[in-house]
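Shown next, in structure tokens, is the structure this report addresses.
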Amino acid sequence: MDAEESSASDRGNEKLKVDPDLSVSDVTESVVTPFQRRLDSVLQIPLGNWTTLKLGEGQCDVTEACLERMRAGEKCEILLSQVGNGPDVSVPQPSDENLPLCATVELQAFTPGKESWEMSPGEKWEWAKSHKERGGVRFRSGDVWGAAHIYSQALKLLITLCGHFREVEKKGHEHEAEEQSDTNAPNETQQLPSADEFKTIKAELHSNLSLCQLKLNQPEQAKASATKATQLEPGGAKAWYRLGQACQMVNELEEAKRAFRKLLEIQPELPAALKALKDITSREKETNVQLGLRLSKMFS
């Protein structure tokens, strides 16, 4: 799906009242500019008004997840609840504290767009790059949840391109020579990066996602993302640092030391890595002291 006209209300169980004389074309024509992603609203869209949005851009991931399962004319209720370690947002509370906080979303109309399997490799690559850029903008603005979501969206698109790049690598220079010899034929691969650039971008996305997961207090996920980044690009200093941080958070100190030592091989005398290793040594000494005290009590 490409564009959606939706409306949402979040006042308890109250459903949004709309003008029955308002046509779909009026709704579409009334919205000529995209709205700004909102951090002060759980649904991330203006409430109480018709809104036109484009699915797949991660502009309002909560509402999009709802709309993806709806048909034109359907309404859906979203129950909202507080979650831990999330960003501070303004959530209007219902007047009756016993009522659940509920938002009603109505899908008035939609215009079909391309599904991921219908896109060409070049189109997927452009979408992935734009997702990466938007993820950076969101992170710098403090929207860590939104950044993590859109980095994940970009990685999902790149996964579908892995087979294409494996095929390109298999054909190697012979394939490139054949493509260059046919100058009159459209060349899809011209829109795509080299295999090395593809790995670099994918590694950066995993590394950026790892940073978001660290900020969101998700160390296990951060460790997995950083590990993938280091496997794709062993020379990526940021990924090794984030892997070390994640291992520290899950108390895997030996793994953390290996990550920080690898980082020092890439960037010798890096203060952050040296400090991290010093902190780990202090933690290990403290752990050994505590273990010694426990053993002495057992045999005393």
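The values are calculated or read from the model by the stated rules, or taken from the named source; none is laboratory data. For clarity, every value in this text was computed on a predicted model and none was experimentally measured. Methodologically, a virtual Cβ is constructed for each residue, glycine included, from the backbone with ideal geometry; neighbour enumeration extends over all protein chains shown.
Some values worked out for this structure:
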| read-out | value |
| --- | --- |
| Residues that are under 19 Å from residue 202 (Cβ atoms) and of a type in the set (A, V, I, L, M, F, W, C), drawn from the range 225-265 | 226, 229, 232, 237, 239, 240, 243, 246 |
| Single residue of 140, 166 found to be loosely packed, with under 13 Cβ neighbours inside 10 Å and modelled with pLDDT under 90 | 166 |
| Which numbered condition residue 191 fails, given (1) in contact with a Phe, Trp or Tyr (Cβ under 9 Å, 6 or more places away or on another chain); (2) surrounded by 22 or more Cβ atoms within 10 Å (Cβ to Cβ); (3) under 21 Å from residue 159 (Cβ atoms) | (2) |
